[in-house]
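Please read the structure below before turning to the comments.
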Amino acid sequence: MNDEFPLGSYVIDTRTGRLGQVMDTHAGYVQLRPPRGGIEWSCPPTAIRFPSRDEIAAGESGCAR
């Protein structure tokens, strides 16, 4: 597991601007899932960052940025 982005933490996929929750790592990628559930996607660890509180709140409520 990537220690920089612990399991369960929220991150932003900088390629798309999507908020995701870290679920796992596989083959060098971080597996992300939308906060309200849905299909997971893979993201390289170099393309993720921690979100602001406003980004987390918007993502958890389902509001678009």
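A compact table of results
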| quantity | calculated |
| --- | --- |
| Residue in region 1-16 that is farthest from the chain's Cα centre (by Cα), counting only those that are aliphatic (A, V, I, L, M) and exposed (fewer than 14 other Cβ atoms within 10 Å of the Cβ) | 1 |
| Residues being of a type in the set (Ser, Thr, Tyr), out of contact with any His (no Cβ under 9 Å at 6 or more places or on another chain) and surrounded by 12 or more Cβ atoms within 10 Å (Cβ to Cβ) - total across region 17-55 | 2 |
| Enumerated strands (runs of 3 or more DSSP E) restricted to region 16-59, each holding at least 1 residues that are among the acidic types (Asp, Glu) and more than 16 Å from residue 5 (Cβ to Cβ) | none |
| Output for region 20-34, where each listed residue is charged (D, E, K, R) and more than 21 Å from residue 52 (Cα to Cα) | 24 |
| Pair list, Cβ < 9 Å and 6+ apart or interchain, from region 32-48 residues that are at pLDDT 95 or above to residues that are part of a helix (DSSP H, G or I) and among the polar types (S, T, N, Q) | none |
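The values are calculated or read from the model by the stated rules, or taken from the named source; none is laboratory data. Remember, predicted model here, so these are calculated numbers, not experimental data. All Cβ positions, glycine included, derive from the backbone under ideal geometry; neighbour counts span all protein chains shown.
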